[in-house]
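Down below is the structure, laid out as structure tokens.
The values are calculated or read from the model by the stated rules, or taken from the named source; none is laboratory data. Quick caveat: nothing in here was measured; it's all calculated off a predicted structure. For neighbour counting, all protein chains shown are included, and Cβ atoms are generated from backbone atoms with ideal geometry for every residue, glycine included.
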């Protein structure tokens, strides 16, 4: 029996210091929940994929289960007659715990939950029987039944971890000790009927304190849930600190547990919510996604884009957002009154950025401190703010149209860029205000005559100056182990094409002879089944082409991918596409596009017909416009197939406009599209109409995107038909030769995709003593902006200086660190050209493990010298003051031990 005995000294709980969250709201993403060590959720509101993602971050996931009450509106037939009354507070059925049907129901529910992958169960309403058990005999009967239920749940084959909500009265009857015990309302309570927060009476607090002290003395973690809204975050933190000082694990949140509250950590809001109008197109074609997502993502935040036509503004929890931006036309505000009404309540609570236009509602404008002073026309020229625009395409106002004159009306609202006409009338195009700012048409992006768009001010400066998002550590998908990531991938288009070389070989043969076998870096290569397979366009050539594909796929440095069955040129048939130059897909006889066949069918073909026994197709590389909808992405997602391609990233010298740099991913609740970091050779050759050697300019792209900000990895990306001409082949060689000279970490595209798709699912929190905490579900690199200083701590392997910050090298899912104004003197890893598997320092002895695709290199910083103790033979040499380089010709997973002498 588990007997509570009062000891002289309490036993320390094994879970001491760990954070916990109770979250009963809908879950679209787990990017906040990953911050906590344990989370309790409503099982119907979380997917199995979410559970697995949380567990990647070392977060234990508990399912909510009501033991004493049934939550449904009507009892199932087998439970009818076993509920003595209704709990009016929650409109739930209070159950008779002694009923065998109810006990069987609970056991089945618990078994089902554990089958989904939960780590444990949070058992609520353990004392609901007190609502009807008035006699001592009935109370004893219910308590005995409750103890039997809990023992049965503990004995389930899955061995669930069990957290109790109270249940003090039956603890001494149990045959086990619970994982933890929670109790609500130590200092602050919530009345669900009145919807109000109240202070707990002194007598109730003393009673609860006594019960929890008994629990703590036997080594069971005591969790206290107190209720305060997230709108008063400081009060939540103070309440959490008080409970920690009293020896409890705190969780302070709103009364319905719908917000992300404070425990031993405070989650940092990383979401930035933007709005678009779907009457002008879908999310991925909106300015919200195409223009703003990239700079917001770079700053470390997670951009979200919602359609004003379908958003329920009353349901937006602003506590989870760091800021809001609106890229809309004026008539969009006018057509959606609910948006303007909501804006009226938002101003002053979070940073706001208006782009292109302002709301039309007068009360909103009055709060913003901006007024419409009429219209102006004529020759309008810039008067103020030239330092914002001097390096950009000049903004222009049509002389044949009238333009609104916007003026500030409050102290603190300033005009950063102004324009005026010959009549002395003026208007402000860029406002800066305490609530944020506004960049109004023709800012921030202008359409040009050649059907392109251009930023006419710096988007990074715009965000920093008038959209005051705090500087934070940024999850990063450009870098691995301190070095810029290098990938190479090939779309299968043109495999059957004959090259302009002696003997007229297939382009794939040319690339195999001159690229795939000559450049021993990880390469991801795809084929189109409809080009090389017998079901496709060239069945008479299929045997020969399949043999070539098998030869390529057998290469040890090649990863296999599918480029679909028939190469659809469009993946969103709901879009109204008037000109289809090549039709919908390759003209395969008697075939209509079937997305399951395009993705799963083509992969199955490759795995069965082309892949060697030790390999399989790892990815689907989108074809054509590469614009799959969420539903199409879900086909790959549900089959556990990674996907890459799409996006619009293309910059070269003379054409380095930020509008042509896409975000890393397009994120949806059910799936993620990973964009190609950089576009392929089609853009460099004007769709192969000129400059067959044009892809050599990709080097310019990589340089521009690497400094002064590292916006993208080095991503070599082209088609099979790049093997068609001597000029195009030579351009590939130039790009590969340049790439191999860079300090980089070469990865397969699937390895990059794993990191990229996890970018937005990276948690950020602060401990209550001020440390940063990173929770990773896949990224291995964090960029610490220079303004935050230098990272310090022993929970990460090290860091390397980059053009725009310190690139931290993670070694575990959850990482805590502090920042200092100067670097500390500790020995740390500066870089390695592989994926870090292990890094542990004990008294200057370092146990390390790295998986590398290239001959191994590692740089240790803060050491005077190092010597090998165990592992592969290493060449060791100094690389300047305090830097030691260790190298080996070996590849693969390498494990060793070195001893380093500190400076």
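Going by the structure shown, is residue 601 outside the structural domain of residue 282 (by TED's automatic domain parsing), modelled with pLDDT of 95 or more and part of a helix (DSSP H, G or I)? Please lay out each step first, then the result.
Values: outside the structural domain of residue 282 (by TED's automatic domain parsing): yes; modelled with pLDDT of 95 or more: yes; part of a helix (DSSP H, G or I): yes.
In short, yes.
Is one or more of the residues making up the stretch 685-694 crowded, with 20+ Cβ neighbours inside 10 Å and either under 26 Å from residue 458 (Cα atoms) or under 24 Å from the mean Cα position of the chain (by Cα) (or both)? Can you show your working first?
The first filter runs over the stretch 685-694 and keeps only residues crowded, with 20+ Cβ neighbours inside 10 Å, leaving 685, 692.
Okay, now just the ones that are also either under 26 Å from residue 458 (Cα atoms) or under 24 Å from the mean Cα position of the chain (by Cα) (or both), so none.
So far as the stretch 685-694 goes, no, none of its residues is crowded, with 20+ Cβ neighbours inside 10 Å and either under 26 Å from residue 458 (Cα atoms) or under 24 Å from the mean Cα position of the chain (by Cα) (or both).
Say we look at the stretch 879-893 and pick out the residues that are modelled with pLDDT under 95 and surrounded by 12 or more Cβ atoms within 10 Å (Cβ to Cβ); which of these is farthest from residue 833 (Cα to Cα)?
Of the stretch 879-893, the ones modelled with pLDDT under 95 are 879-882.
Narrowing further to those that are surrounded by 12 or more Cβ atoms within 10 Å (Cβ to Cβ): 879, 882.
Working: 879: 16, 882: 19 Å.
If we take residues in the stretch 879-893 being modelled with pLDDT under 95 and surrounded by 12 or more Cβ atoms within 10 Å (Cβ to Cβ), then 882 is farthest from residue 833 (Cα to Cα).
Name the strands (runs of 3 or more DSSP E) wholly within the stretch 850-892 that hold at least 2 residues that are over 35 Å from the mean Cα position of the chain (by Cα) and without any contact (Cβ under 8 Å) to a residue 40 or more places away in the chain? It would help to see each step written out before you state the result.
Values: elements: 857-861, 863-870, 875-878, 883-887.
Because the criterion is at least 2 residues that are over 35 Å from the mean Cα position of the chain (by Cα) and without any contact (Cβ under 8 Å) to a residue 40 or more places away in the chain, the strands (runs of 3 or more DSSP E) in the stretch 850-892 that meet it are 863-870, 875-878.
Taking helices (runs of 4 or more DSSP H) that do not extend beyond the stretch 285-403, which have at least 1 residues that are more than 23 Å from residue 272 (Cα to Cα)?
Details: elements: 293-298, 330-335, 337-346, 362-368, 386-389.
By residue number, 330-335, 362-368, 386-389.
For the stretch 33-43, give me each residue that is in contact (Cβ under 8 Å) with a residue 24 or more places away in the chain and buried (at least 24 other Cβ atoms within 10 Å of the Cβ). Show your work before the answer.
Of the residues in the stretch 33-43, the ones in contact (Cβ under 8 Å) with a residue 24 or more places away in the chain are 33-38, 40, 43.
Selection gives 33, 34, 35, 36, 38, 40.
Testing residue 896 on (1) within 30 Å of residue 558 (Cβ to Cβ); (2) assigned to a loop (DSSP other than H, G, I, E, B); (3) more than 31 Å from the chain's Cα centre (by Cα), one condition comes back false. Which one is that?
Status for residue 896: all satisfied but (2).
Consider residue 445 against the criteria (1) in contact (Cβ under 8 Å) with a residue 40 or more places away in the chain; (2) farther than 29 Å from residue 660 by Cα: it satisfies all of them except one. Which criterion is unmet?
Going through the list (1) in contact (Cβ under 8 Å) with a residue 40 or more places away in the chain; (2) farther than 29 Å from residue 660 by Cα, residue 445 breaks only (2).
Within the group 293, 253, which residue is buried (at least 23 other Cβ atoms within 10 Å of the Cβ), under 30 Å from residue 767 (Cα atoms) and assigned by TED's automatic domain parsing to the domain that holds residue 237? Explain how you work it out, then say what you get.
Details: 293 fails: assigned by TED's automatic domain parsing to the domain that holds residue 237.
On inspection, the qualifying residue turns out to be 253.
Residue under question is residue 67, and the condition is that it be over 21 Å from residue 270 (Cβ atoms) and surrounded by 23 or more Cβ atoms within 10 Å (Cβ to Cβ); does it hold? Before you say what the answer is, go through the steps one by one.
Working: over 21 Å from residue 270 (Cβ atoms): yes; surrounded by 23 or more Cβ atoms within 10 Å (Cβ to Cβ): yes.
It is true that residue 67 is over 21 Å from residue 270 (Cβ atoms) and surrounded by 23 or more Cβ atoms within 10 Å (Cβ to Cβ).
Which one of 235, 230 is at pLDDT below 95 and either on the phi > 0 side of the Ramachandran plot or surrounded by fewer than 23 Cβ atoms within 10 Å (Cβ to Cβ) (or both)? Explain how you work it out, then say what you get.
Numbers: 235 fails: at pLDDT below 95.
After ruling out the rest, the residue left standing is 230.
For residue 534, state whether it is without any contact (Cβ under 8 Å) to a residue 60 or more places away in the chain, out of contact with any helix residue (DSSP H, G or I) (no Cβ under 7 Å at 6 or more places or on another chain) and in the same structural domain as residue 608 (by TED's automatic domain parsing).
Numbers: without any contact (Cβ under 8 Å) to a residue 60 or more places away in the chain: yes; out of contact with any helix residue (DSSP H, G or I) (no Cβ under 7 Å at 6 or more places or on another chain): no; in the same structural domain as residue 608 (by TED's automatic domain parsing): yes.
For residue 534, the condition - without any contact (Cβ under 8 Å) to a residue 60 or more places away in the chain, out of contact with any helix residue (DSSP H, G or I) (no Cβ under 7 Å at 6 or more places or on another chain) and in the same structural domain as residue 608 (by TED's automatic domain parsing) - is not met.
Going by the structure shown, is residue 212 free of Cβ contacts under 8 Å to residues at least 60 places away in the same chain and either not in a loop (DSSP other than H, G, I, E, B) or not assigned by TED's automatic domain parsing to the domain that holds residue 351 (or both)? Spell out how you get there, then give the answer.
Values: free of Cβ contacts under 8 Å to residues at least 60 places away in the same chain: yes; either not in a loop (DSSP other than H, G, I, E, B) or not assigned by TED's automatic domain parsing to the domain that holds residue 351 (or both): yes.
Yes, satisfied.
Only one of 460, 400 is surrounded by fewer than 21 Cβ atoms within 10 Å (Cβ to Cβ) and modelled with pLDDT of 95 or more. Can you tell me which?
Working: 400 fails: modelled with pLDDT of 95 or more.
Going through 460, 400 in turn, the sole match is 460.
So is residue 565 crowded, with 22+ Cβ neighbours inside 10 Å and touching a helix residue (DSSP H, G or I) at 6+ places or on another chain (Cβ under 8 Å) or not? Let's see the steps before the verdict.
Numbers: crowded, with 22+ Cβ neighbours inside 10 Å: yes; touching a helix residue (DSSP H, G or I) at 6+ places or on another chain (Cβ under 8 Å): yes.
Judged against the criteria, residue 565 is a match.
Name every residue in the stretch 375-396 that is touching a residue at least 24 places away in the same chain (Cβ under 8 Å), closer than 29 Å to residue 350 by Cα and either surrounded by fewer than 14 Cβ atoms within 10 Å (Cβ to Cβ) or out of contact with any helix residue (DSSP H, G or I) (no Cβ under 8 Å at 6 or more places or on another chain) (or both), in order of residue number.
384, 385, 389
Consider residue 309 against the criteria (1) surrounded by fewer than 16 Cβ atoms within 10 Å (Cβ to Cβ); (2) under 19 Å from the mean Cα position of the chain (by Cα): it satisfies all of them except one. Which criterion is unmet?
(2)
If a residue has to be under 20 Å from residue 516 (Cβ atoms) and more than 29 Å from the chain's Cα centre (by Cα) to count, how many in the stretch 695-727 make the cut?
Matching residues across the stretch 695-727 total 11.
Output the number of the condition that residue 588 fails; it satisfies all remaining conditions of (1) in contact with a helix residue (DSSP H, G or I) (Cβ under 8 Å, 6 or more places away or on another chain); (2) within 23 Å of residue 666 (Cα to Cα); (3) assigned to a loop (DSSP other than H, G, I, E, B); (4) without any contact (Cβ under 8 Å) to a residue 60 or more places away in the chain.
Condition (2) is where residue 588 drops out.
Checking residue 687 against (1) out of contact with any strand residue (DSSP E or B) (no Cβ under 8 Å at 6 or more places or on another chain); (2) in contact (Cβ under 8 Å) with a residue 60 or more places away in the chain; (3) on the phi > 0 side of the Ramachandran plot, which test does it fail?
All conditions are met except number (2).
Could you count how many residues in the stretch 703-724 are in contact (Cβ under 8 Å) with a residue 40 or more places away in the chain and in a helix (DSSP H, G or I)? Break it down stepwise before answering.
Filtering the stretch 703-724 down to residues in contact (Cβ under 8 Å) with a residue 40 or more places away in the chain leaves 704-724.
Still in the running and in a helix (DSSP H, G or I): 704, 720-723.
Residues that pass the stated criteria total 5.
Pull up the stretch 179-209, narrow it to residues that are assigned to a loop (DSSP other than H, G, I, E, B) and in contact (Cβ under 8 Å) with a residue 12 or more places away in the chain, then point me to the one that is nearest to residue 236 (Cα to Cα).
187
Take residue 472 and tell me if it is surrounded by 13 or more Cβ atoms within 10 Å (Cβ to Cβ) and either modelled with pLDDT under 95 or outside any loop (DSSP other than H, G, I, E, B) (or both).
Details: surrounded by 13 or more Cβ atoms within 10 Å (Cβ to Cβ): yes; either modelled with pLDDT under 95 or outside any loop (DSSP other than H, G, I, E, B) (or both): no.
Taking the combined requirement at face value, the residue does not satisfy it.
In the stretch 654-674, is there at least one residue being part of a strand (DSSP E or B), free of Cβ contacts under 8 Å to residues at least 60 places away in the same chain and surrounded by fewer than 24 Cβ atoms within 10 Å (Cβ to Cβ)?
The answer is yes, given that some residue of the stretch 654-674 is part of a strand (DSSP E or B), free of Cβ contacts under 8 Å to residues at least 60 places away in the same chain and surrounded by fewer than 24 Cβ atoms within 10 Å (Cβ to Cβ).
List the strands (runs of 3 or more DSSP E) inside the stretch 77-148, counting only whole elements, that have at least 2 residues being exposed (fewer than 14 other Cβ atoms within 10 Å of the Cβ). It would help to see each step written out before you state the result.
On the way: elements: 85-87, 92-94, 120-124.
Of the strands (runs of 3 or more DSSP E) lying wholly inside the stretch 77-148, those with at least 2 residues that are exposed (fewer than 14 other Cβ atoms within 10 Å of the Cβ) span 85-87.
Sort through 648, 643 and tell me the only one that's assigned to a loop (DSSP other than H, G, I, E, B) and assigned by TED's automatic domain parsing to the domain that holds residue 728.
Being assigned to a loop (DSSP other than H, G, I, E, B) and assigned by TED's automatic domain parsing to the domain that holds residue 728 holds for just one of 648, 643, which is 648.
Can you confirm whether residue 734 is over 18 Å from residue 676 (Cα atoms), under 33 Å from the mean Cα position of the chain (by Cα) and surrounded by fewer than 22 Cβ atoms within 10 Å (Cβ to Cβ)?
Details: over 18 Å from residue 676 (Cα atoms): yes; under 33 Å from the mean Cα position of the chain (by Cα): no; surrounded by fewer than 22 Cβ atoms within 10 Å (Cβ to Cβ): yes.
Judged against the criteria, residue 734 is not a match.
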